[in-house]
Amino acid sequence: MSTFKQHSILPGFNLALGFTLLYLSLIVLIPLSAAFIRTAELTWLEFWTIVTTPRVMASYRLTFGASFAAALVNAVFGLLVAWVLVRYHFPGKKLVDALVDLPFALPTAVAGIALTALYAGNGWIGQFLEPMGFKVAFTPLGIFVALTFIGLPFVVRTVQPVLEDIESELEEAAATLGANRWQTFTRVIFPALFPALMTGFALAFARAIGEYGSVIFIAGNMPMISEITPLLIITKLEQYDYAGATALSVVMLVISFILLLIINLLQWWSRRRSIES
Amino acid sequence: MSIEVLNLSKQFGSFTALHDVNLQVHSGELLALLGPSGSGKTTLLRVIAGLETADSGQVLFHGEDATDQHVRERQVGFVFQHYALFRNMTIFENVAFGLRVRPKKFRPAEAEIRDRVMKLLHLVQLDWLADRYPHQLSGGQRQRIALARALAVEPKVLLLDEPFGALDAKVRKELRSWLRRLHDDMHITSVFVTHDQEEALEVADRVVVMNEGRIEQIGTPDEVYEQPASPFVYEFLGNVNLFHSRLHRGRAWIGDIEVDAPDHPEAEELTAVAYVRPHEIEVERTRNGEAVLAALVVHVLSVGPIVRLELVRKNDVDTTPIQVEISKERFRELRLVKGDEVFIKPRRLDLFPNHHNRTSDAVQAR
């Protein structure tokens, strides 16, 4: 024990570590391992057949592709929203600030129904988009819209505090050295924001992968076209195919884990280059 | 390059930061803006840099109006109190920043950038830190890098905002004399802001003392210390003793002591305050028949070559202690101990009529 325990004036290291491990086991690890154990009922061949059917493969592409695209869009526009909220003063700013959290607080089914009503062919927005050739509701595009909606707060809320902490002196210093606004942003501000932006992106991405409620309403759920993996899992559960459902879960879990690990590594790498003193 | 500031005023809400300020900075000099916090010194510096715009007035660089010029075009080097180094860049890239952001046709070749940056790092004696990041440096090193970065763009003037304010006392002192030597080598017109009078007096060619958005006095360190133009400057620069006195037709009285007051020939029965520096008070054991003030020694501090005495006047309602500084030799002659009675007389004093009955402003009276 004493080999890696450092002496500290803060008491309770053993107790705190023990509790943390127990808590994580109970809340995270045991439920997750249950999925693996359940999957173990299958042979490798059965497992491989279930997780690689064309319908399932299409759903992976859709889930991860739409989530990635939505997180990317959120990273760009979330940064913009955070920028406006931090840098400018305008009437109703507090209200706009509160609005950002709405996708977070809203039951996802409500969001799904609302978005579907808006983007359907007879909806407020859909009636204008459809004649122009954009069909949003009941297509992969609709899924992308829903995932963008629910992911926005993650980017805004992670970037905002970091942006608030950037001293105006840095920008002033860049200006006295002859940099224009664009150079100041790309060379000074953006690198400082990048780690936070990556965190926000990762959170929005992770949230989108797991999203179910808002998507099923707007997706139309057509096999091979607009069917997400979580929906397939539910379908299998409803057919009492527990092993098949957990097999898909395990695949999603592993892919998500790998993706988040990559993002974390990127983040660690970029943060290492710019640690605060 | 000379800097000229004409009738500059600046208001932050109801707070007046600058009140009709006029200032001349001569080409190649090192000027200190000295004042307590809230005196407007930093605002003045930022207006000169173009980081702040004044409500009215002009800033001239070398006789040319620069009031409406953007910071980018003013070619000023600015050093911030908290360094403002770019965290995500190495020390080398920090210094190279000003060269790299230049438009393509004015940007030096990579080899030349390398050359110039290394020269500057050598100048600030930190070339061995080129590949480090700012968080790996000490405060003093960071400020020297900030200075190198400001110098990289070959600014016409160098502006420093409390450059040593965030450093500890020892590093402060070192950097102070280092800055002075650097300035002597480069002769770039420089203005620095400080609230530390010792720093201003030690480093600057001329000192501008500011208070409440106005300039109280401009002069060499010697002038502002030896001939303060106002009670404020007297009290802000160094220790000073205040004596109540009476002023009448060119004569003044402190207790029984009568002195000439040639600056106030027209004064009629005014009360005034006499300002006397601690080292300009004579101390005697006996009266010698002269008019003197009797006092008691209440404290003796005899560390170093100067002995500091704290006296209290006898038979007087005025109980504020009087600070006196005498040399160690004189102290040995007098053999003073706590409780001794002494007789004192100011060698030199400045009189400022009290504000409530003044006939002329204290500043003009000199």
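DSSP beta bridges fully contained in the range B:159-226 are about 60 percent antiparallel.
Magnitude of the charge dipole for the range A:160-277, about its Cα centre and with charges confined to Cβ atoms of Lys, Arg (+1) and Asp, Glu (-1), is about 380 debye. If you take the Cα centroid of the range B:8-24 and the Cα centroid of the range A:199-256, the two points sit 64 Å apart.
Dipole magnitude for chain A: about 260 debye, using +1 per Lys or Arg Cβ and -1 per Asp or Glu Cβ, origin at the Cα centre. Exposure proxy ranking for A:L265, A:L62, based on other Cβ atoms within 10 angstrom of each Cβ and starting from the fewest, stands as A:L265, A:L62. For a label point 7 Å from the Cα of B:E212 along Cα→C-beta, name the residues of the range B:24-47 whose backbone N is under 19 Å from it. Answer for this model: B:34-44. Across chain B, the convex hull enclosing all Cα atoms gives 173 Å³ per residue. Find the all-direction average of the projected area of the Cα convex hull for the protein assembly as shown, expressing the result in square nanometres with one decimal place. For the protein assembly as shown, the mean projected area of the Cα convex hull comes to 45.2 nm². Counting Cβ atoms of other protein chains within 10 Å of each residue's Cβ and taking the mean over peptide B:68-80 gives 3. By DSSP, the beta bridges lying fully in the protein assembly as shown are antiparallel in about 75 percent of cases.
Exceeding 25 Å between C-alpha atoms, which entries from my cross-link table qualify? They are B:K119/B:K156; B:K10/B:K173; A:K93/A:K135; B:K41/B:K119; B:K10/B:K170. As for pairs spanning more than 25 Å Cα to Cα, those are B:K10/B:K173; A:K93/A:K135; B:K41/B:K119; B:K10/B:K170. For the range A:43-276, the residue among A:M198, A:T53, A:T108 whose Cα projects farthest onto the positive side of the dipole built from Cβ charges is A:T53. Extension gain for B:D260-B:S27 works out to 79.8 nm (0.36 nm per residue, less the C-alpha to C-alpha distance). Within chain A, the whole DSSP H helices whose Cα atoms reach 15 Å or more along their own axis and whose mean Kyte-Doolittle score is at least -0.5 are A:13-24, A:54-87, A:108-119, A:140-165, A:190-210, A:242-272. Using the Cβ-Cβ distance between A:A109 and A:F257 with R0 set to 30 Å, the FRET efficiency from 1/(1 + (r/R0)^6) comes to roughly 0.65. Sorted fewest first by neighbouring Cβ atoms within 10 angstrom, A:Y119, B:Y225, A:Y23 come out as A:Y23, B:Y225, A:Y119. Overall, the protein assembly as shown carries a charge dipole of about 2260 debye about its Cα centre when +1 sits on the Cβ of Lys and Arg and -1 on the Cβ of Asp and Glu, all other atoms neutral.
In the protein assembly as shown, helical runs assigned H by DSSP with n ≥ 4 each contribute -39500 (n - 2.57); averaged across all residues and rounded to the nearest 500, the mean residue ellipticity at 222 nm is -14500 deg cm²/dmol. What is the Cα centroid distance between the range A:124-196 and the range B:122-159, reported in whole angstrom? Taking the Cα centre of the range B:122-159 as reference, the centre of the range A:124-196 is 34 Å away. Which percent of the Cα-Cα distances in chain A go past 30 Å? The answer is 46 percent, as a whole percent.
Coordinate-derived values only; no laboratory data. Note that the coordinates shown come from a computational prediction; the quantities given were computed from them, not determined experimentally. Here the Cβ is made from the backbone with ideal geometry for all residues, glycine too, and neighbour counts use every protein chain on show.
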